[in-house]
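Enquirer: Quick one: structure below, then a few questions.
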Amino acid sequence: MKLPTLWKTSSFFELMLPALTTMFALQTLRVLLPSFVWYLGDAVSIPYTMLGLVAIGTFALSILVIPFYRILGLRRALVIVLAGISIARLIEQFSTNPALDLVLAILGTLLFTFFIPLYLAYVRQVGEPAPRKFGRGFLLGFVFDTTLHGSFHTLDLSWQNHPLAPVIIVLAVLVQLWLTMRLPAMQESVESNFAGMLPLAALGPFIFVTQVVFQNVARATTLTGFPMPLAYAFIILVNAIGISAALLPIVIEASTTFAVVVATGFLAWLTSRPDPQPGTADLMFFFGNLLIFPFVTLILAGLGSRAETNKGIGRSALANLIGWLLFVLLAFLYYISYDLNVGIPNTWLPPFAVIVLGVAVIAALRVMAHVPAAGSTTSATIAFALVIVPLIILANWREPQPITGKGFPVRVMTYNVHNGFNTDGRLDLEAIAKTIEQAQPDVVGLQEVERGWYIDSSVDLLMWLSRRLHMPYVYGPTADPVWGNAILSKYPIKQWEARSLPPPNLPLKRGLLWATIDVGGGDELLFIATHYHHIEEDTEIRQQQSPALIDFWKRRPRTVIVGDFNAEPDSKEIGMLRDAGLQDVVDLLGKGHQKTWPANKPTQRLDYIWLSPDLKARDVQIPLSTASDHLGVAVTIEKK
């Protein structure tokens, strides 16, 4: 087939259309999954089982691409899909309604599931090297997405108040629509048998493992210990190297297959670590991004090399459906395991996704005698050029610094930040920051702090709040390395440590985080932040956690214990703390009737600040805000 004019003029154009489309889709997915969990699940109170069915049903609709293609034809179908993805993303950028966000995210995601088999049908007609170029454009979309995600300190453009956010999206949409309108007319598509198209199903697991692990800037920051811009630059640089590796010629022989098996096994082992240490995490993010990008290029090149025997896109659509169902099942199982026992550790799921990719690569290699060198290095050049963005941010990066205090009094606060989501089910970190500012605390204990959970839009909530409030932090993971408790402090933190709370077999593990804080004037404060088990009827579990907390305290003076204790003041677990000599500041000031949950219509008091007997309280405040599902509690403490 004669190459379309657009494809002949510039490699930049042929890369940009799939790259921008993929970037929009990845941003849309980081709206869709939180909308399922926090809007439908939390705000609307749809049960988890029903949520799972809704999520699976949404991705199952990808099979509708077959009648869509048959009714409209290839070019018209592809133009409508591309325009729909960009317009849905554009409207979503200006939406502040969580219900509308959900509708737009479902529409944009569904159209992207249509895009993959339709665009693959196009590049298969063109023949090699078009499928490999599609692969590089697809991967470049991941680089674009990570670049923007990191540029805004891991808070996606969809949730941003920054004036640049809509400008960037408008410009990207205009470019994508311009490229879409220049797609040439196409003939009816042809494809190979179903077995030949099955490796396409690996793209769903690829998206899962990149978003949960390899491309997750917040997760990389937390696990490696690097400053955010350095972790972010590291990922972009290795992305560029990975795309460059995909440009190299490959001779297909037994040793090539053996190398893929070894690489797959190594990546599976790295991603299976439940709590990787910084050295292991460095290897994971380096080799993961280095190897997984060429894997995808080989898969798509293999699909383009197969004999064309059947008309239509039915078989590629079916393989695509399997891939998306794998994606949603992996994501659902990964995070539901923190609430329910699903029978397997969620740390098995990223290795499974890697193994699926490895098998797909081996299947692709079987139909290729060799993979020739790519004629253009545009994709690698763009990826390497983008490394300058995190380097500029790194050059101007300044961590918040503590200030010298003047001793007591000190104002402290506790706040369960609900992973950053308000009572309407929308991510709003600015509202959380303003709620904390209103209370004017010197030290804050935070609960439900996420630092890269994909279902929470992969934001590093703690790092973002620390910079926004100009308060240094310490962090104590509990459920996994990127979810737990934190302490923000204006004053120097001299020592700190995270400890677990019993029992150890909880799906969502609990812990405490303590810090010795120099408040100035020769005074120190022992500050403990904790979060008890959340299921209301499981009082026996919380009755194990209170003695563990009391035992750690050991009646030390000048101690403040804060947290979400998930229990009412008259419960046994709270009575244990009171009997140990701790003072509840709300009771001290005669405000025991105050409720803290749910924030929009409080009916229970679950959040507490406890003082050791040598301290007294004044000016207790429970700021009214729906930025989280909990209300915070703040108080000024003094020495008796």
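The values are calculated or read from the model by the stated rules, or taken from the named source; none is laboratory data. Just so it is clear, the structure is predicted and the values come from calculations on it, not from any experiment. Heads up, the Cβs are rebuilt from the backbone with ideal geometry, glycines too, and the neighbour counts pull from every protein chain shown. What goes into the accessible areas is simple: the full protein's heavy atoms, side chains included, and nothing from ligands, DNA or RNA. Shrake-Rupley method; radii C 1.70, N 1.55, O 1.52, S 1.80 Å.
Enquirer: In region 51-62, is there at least one residue being under 15 Å from the mean Cα position of the chain (by Cα) and either open to solvent by 10 Å² or more (accessible area, probe 1.4 Å) or not hydrophobic (A, V, I, L, M, F, W, C) (or both)? Step through it out loud before you land on a result.
Expert: So in region 51-62, the residues under 15 Å from the mean Cα position of the chain (by Cα) come out as none.
Within region 51-62, not a single residue is under 15 Å from the mean Cα position of the chain (by Cα) and either open to solvent by 10 Å² or more (accessible area, probe 1.4 Å) or not hydrophobic (A, V, I, L, M, F, W, C) (or both).
Enquirer: A further question on this structure: Kindly check whether there is at least one residue in region 314-337 that is in contact (Cβ under 8 Å) with a residue 12 or more places away in the chain, outside any helix (DSSP H, G or I) and either in contact with a strand residue (DSSP E or B) (Cβ under 9 Å, 6 or more places away or on another chain) or not hydroxyl-bearing (Ser, Thr, Tyr) (or both). Before the answer, list the steps.
Expert: Start the filter on region 314-337 by keeping residues that are in contact (Cβ under 8 Å) with a residue 12 or more places away in the chain, which leaves 314-337.
Remaining after also requiring outside any helix (DSSP H, G or I): 337.
Narrowing the set further to residues that are either in contact with a strand residue (DSSP E or B) (Cβ under 9 Å, 6 or more places away or on another chain) or not hydroxyl-bearing (Ser, Thr, Tyr) (or both) leaves none.
Within region 314-337 (the criterion being in contact (Cβ under 8 Å) with a residue 12 or more places away in the chain, outside any helix (DSSP H, G or I) and either in contact with a strand residue (DSSP E or B) (Cβ under 9 Å, 6 or more places away or on another chain) or not hydroxyl-bearing (Ser, Thr, Tyr) (or both)), the answer is no, since none of the residues qualifies.
Enquirer: Inspect all residues belonging to region 285-308 and state whether any of them is among the polar types (S, T, N, Q) and either within 30 Å of residue 505 (Cβ to Cβ) or assigned to a loop (DSSP other than H, G, I, E, B) (or both). Step through it out loud before you land on a result.
Expert: Residues of region 285-308 that are among the polar types (S, T, N, Q), as a first pass: 289, 297, 305.
Retained after the next criterion (residues that are either within 30 Å of residue 505 (Cβ to Cβ) or assigned to a loop (DSSP other than H, G, I, E, B) (or both)): none.
No: region 285-308 contains no residue that is among the polar types (S, T, N, Q) and either within 30 Å of residue 505 (Cβ to Cβ) or assigned to a loop (DSSP other than H, G, I, E, B) (or both).
Enquirer: Another one. Please go through region 122-178 and give me each residue that is open to solvent by 10 Å² or more (accessible area, probe 1.4 Å), of a type in the set (A, V, I, L, M) and at pLDDT below 85, ordered by number.
Expert: 126
Enquirer: Continuing with this model, one more query. Report, by residue number, each residue of region 29-72 that is free of Cβ contacts under 8 Å to residues at least 40 places away in the same chain and outside any helix (DSSP H, G or I).
Expert: 45, 46, 47
Enquirer: Continuing with this model, one more query. Hey, among 629, 614, which residue is closer than 29 Å to residue 406 by Cβ, among the acidic types (Asp, Glu) and modelled with pLDDT of 95 or more? Write out each step before concluding.
Expert: Details: 629 fails: closer than 29 Å to residue 406 by Cβ.
Unique residue meeting the criteria: 614.
Enquirer: Which fully enclosed strands (runs of 3 or more DSSP E) of region 529-640 have 1 or more residues being polar (S, T, N, Q) and open to solvent by 10 Å² or more (accessible area, probe 1.4 Å)?
Expert: Numbers: elements: 559-564, 607-611, 615-621, 633-639.
Where strands (runs of 3 or more DSSP E) fall fully within region 529-640 and carry at least 1 residues being polar (S, T, N, Q) and open to solvent by 10 Å² or more (accessible area, probe 1.4 Å), they are 615-621, 633-639.
Enquirer: Collect the residues in region 241-282 that are at pLDDT below 80 and in contact with a helix residue (DSSP H, G or I) (Cβ under 9 Å, 6 or more places away or on another chain), keeping them in residue-number order. Reasoning before the result, please.
Expert: Just the residues of region 241-282 that are at pLDDT below 80, to begin with: 246-255.
Passing the criteria: 246, 247, 248, 250, 252.
Enquirer: How many residues are in contact with a helix residue (DSSP H, G or I) (Cβ under 7 Å, 6 or more places away or on another chain) and assigned to a loop (DSSP other than H, G, I, E, B) if we restrict to region 373-400? Before you say what the answer is, go through the steps one by one.
Expert: If we filter region 373-400 for residues that are in contact with a helix residue (DSSP H, G or I) (Cβ under 7 Å, 6 or more places away or on another chain), which is where we start, we get 374, 376, 378-380, 382-384, 386-387, 389-391, 393-394, 397, 400.
Then drop every residue that is not assigned to a loop (DSSP other than H, G, I, E, B), which leaves 374, 376, 387, 397, 400.
The qualifying residues number 5.
Enquirer: Residues 353, 374: which one is at pLDDT below 90 and either under 22 Å from the mean Cα position of the chain (by Cα) or surrounded by 19 or more Cβ atoms within 10 Å (Cβ to Cβ) (or both)?
Expert: Working: 353 fails: at pLDDT below 90.
So the residue among 353, 374 that is at pLDDT below 90 and either under 22 Å from the mean Cα position of the chain (by Cα) or surrounded by 19 or more Cβ atoms within 10 Å (Cβ to Cβ) (or both) is 374.
Enquirer: If you don't mind, there's one more thing I want to ask. When you go through 518, 442, 428, 456 one by one, which is the residue that is in contact (Cβ under 8 Å) with a residue 40 or more places away in the chain, open to solvent by less than 20 Å² (accessible area, probe 1.4 Å) and among the charged types (D, E, K, R)? Before you say what the answer is, go through the steps one by one.
Expert: Values: 518 fails: open to solvent by less than 20 Å² (accessible area, probe 1.4 Å); 442 fails: open to solvent by less than 20 Å² (accessible area, probe 1.4 Å); 428 fails: open to solvent by less than 20 Å² (accessible area, probe 1.4 Å).
It is 456.
Enquirer: Can you tell me which of (1) open to solvent by 10 Å² or more (accessible area, probe 1.4 Å); (2) part of a helix (DSSP H, G or I); (3) over 14 Å from residue 454 (Cβ atoms); (4) of a type outside the set (S, T, N, Q) is the one residue 226 doesn't meet?
Expert: Failing condition for residue 226: (2).
Enquirer: Now for a different question. Run residue 474 past the list (1) assigned to a strand (DSSP E or B); (2) under 30 Å from residue 348 (Cβ atoms) and report the number of the one that doesn't hold.
Expert: Going through the list (1) assigned to a strand (DSSP E or B); (2) under 30 Å from residue 348 (Cβ atoms), residue 474 breaks only (2).
Enquirer: Still on this structure, please answer the following. Confirm whether residue 433 is in a helix (DSSP H, G or I), without any contact (Cβ under 8 Å) to a residue 60 or more places away in the chain, in contact with a helix residue (DSSP H, G or I) (Cβ under 7 Å, 6 or more places away or on another chain) and open to solvent by less than 10 Å² (accessible area, probe 1.4 Å). Even if it seems obvious, please write down each step before you answer.
Expert: On the way: in a helix (DSSP H, G or I): yes; without any contact (Cβ under 8 Å) to a residue 60 or more places away in the chain: yes; in contact with a helix residue (DSSP H, G or I) (Cβ under 7 Å, 6 or more places away or on another chain): yes; open to solvent by less than 10 Å² (accessible area, probe 1.4 Å): yes.
Yes; evaluated as a whole, the condition is true for this residue.
Enquirer: How about region 394-413: which of its residues are closer than 20 Å to residue 639 by Cα and either among the basic types (Lys, Arg) or in contact with a His (Cβ under 9 Å, 6 or more places away or on another chain) (or both)? Quick ask: steps written out before the conclusion?
Expert: Narrowing region 394-413 to residues closer than 20 Å to residue 639 by Cα: 404-413.
The answer is 406, 411.
Enquirer: Before we move on, is residue 211 surrounded by fewer than 24 Cβ atoms within 10 Å (Cβ to Cβ), of a type outside the set (Val, Ile, Thr) and in contact (Cβ under 8 Å) with a residue 24 or more places away in the chain? Talk me through it step by step, then tell me what you get.
Expert: Values: surrounded by fewer than 24 Cβ atoms within 10 Å (Cβ to Cβ): yes; of a type outside the set (Val, Ile, Thr): yes; in contact (Cβ under 8 Å) with a residue 24 or more places away in the chain: yes.
Answer is yes for this residue.
Enquirer: Out of curiosity, is residue 504 under 29 Å from residue 343 (Cα atoms), out of contact with any Asp or Glu (no Cβ under 7 Å at 6 or more places or on another chain) and surrounded by fewer than 21 Cβ atoms within 10 Å (Cβ to Cβ)?
Expert: yes
Enquirer: Could you pull out the residue among 273, 219 that is open to solvent by 10 Å² or more (accessible area, probe 1.4 Å), basic (Lys, Arg) and assigned to a helix (DSSP H, G or I)? Outline the logic, then answer.
Expert: On the way: 273 fails: assigned to a helix (DSSP H, G or I).
Just one listed residue meets the conditions, 219.
Enquirer: Another question, then. Would region 477-498 turn up any residue that is in a loop (DSSP other than H, G, I, E, B), open to solvent by less than 10 Å² (accessible area, probe 1.4 Å) and touching a Gly at 6+ places or on another chain (Cβ under 6 Å)?
Expert: For region 477-498, residues in a loop (DSSP other than H, G, I, E, B), open to solvent by less than 10 Å² (accessible area, probe 1.4 Å) and touching a Gly at 6+ places or on another chain (Cβ under 6 Å): present.
Enquirer: Restricting the search to region 462-519, which residues are of a type in the set (Val, Ile, Thr) and farther than 18 Å from residue 222 by Cβ?
Expert: So in region 462-519, the residues of a type in the set (Val, Ile, Thr) come out as 474, 478, 482, 487, 493, 516-517, 519.
Those that are of a type in the set (Val, Ile, Thr) and farther than 18 Å from residue 222 by Cβ: 516, 517, 519.
Enquirer: Another one. Residues being of a type in the set (Val, Ile, Thr) and at pLDDT 95 or above: count how many of those fall in region 583-602. Walk me through how you get there before you give the answer.
Expert: Initial filter on region 583-602 (of a type in the set (Val, Ile, Thr)): 585-586, 596.
After this cut, where a residue has to be at pLDDT 95 or above as well, the list is 585, 596.
Looking only at that region, the number is 2.
Enquirer: Filter region 438-471 for residues that are over 18 Å from residue 162 (Cα atoms) and in a strand (DSSP E or B) and give the result.
Expert: Of everything in region 438-471, those that are over 18 Å from residue 162 (Cα atoms) and in a strand (DSSP E or B) turn out to be 443, 444, 445, 446, 447, 448, 449, 450, 451.
Enquirer: Cβ contacts < 7 Å: first residue more than 20 Å from residue 352 (Cβ to Cβ), restricted to region 266-292; second residue part of a loop (DSSP other than H, G, I, E, B) and at pLDDT 90 or above, any location; separation 6+ or different chain. Result?
Expert: 278/225
Enquirer: If I ask for residues that are within 25 Å of residue 450 (Cα to Cα) and either among the charged types (D, E, K, R) or in a helix (DSSP H, G or I) (or both), which ones from region 401-430 would you list? Before the answer, list the steps.
Expert: Kept after step one, since they are within 25 Å of residue 450 (Cα to Cα), are these residues of region 401-430: 401-402, 411-430.
Passing the criteria: 411, 418, 419, 420, 424, 426, 428, 429, 430.
Enquirer: If you check every pair at least six apart or on different chains, which have Cβ atoms under 7 Å apart with a residue in region 103-121 that is farther than 19 Å from residue 315 by Cβ first and a residue that is hydrophobic (A, V, I, L, M, F, W, C) and open to solvent by 10 Å² or more (accessible area, probe 1.4 Å) second?
Expert: Pairs found: 104/91; 110/61.
Enquirer: Would you call residue 258 part of a helix (DSSP H, G or I) and either open to solvent by less than 30 Å² (accessible area, probe 1.4 Å) or hydrophobic (A, V, I, L, M, F, W, C) (or both)? Reasoning before the result, please.
Expert: Working: part of a helix (DSSP H, G or I): yes; either open to solvent by less than 30 Å² (accessible area, probe 1.4 Å) or hydrophobic (A, V, I, L, M, F, W, C) (or both): yes.
Judged against the criteria, residue 258 is a match.
Enquirer: Within region 401-417, can you find the residues that are surrounded by 23 or more Cβ atoms within 10 Å (Cβ to Cβ) and in contact with a helix residue (DSSP H, G or I) (Cβ under 8 Å, 6 or more places away or on another chain)? Talk me through it step by step, then tell me what you get.
Expert: Narrowing region 401-417 to residues surrounded by 23 or more Cβ atoms within 10 Å (Cβ to Cβ): 410, 412-417.
If the condition is that a residue be surrounded by 23 or more Cβ atoms within 10 Å (Cβ to Cβ) and in contact with a helix residue (DSSP H, G or I) (Cβ under 8 Å, 6 or more places away or on another chain), then 413, 415, 417 are the ones that fit.
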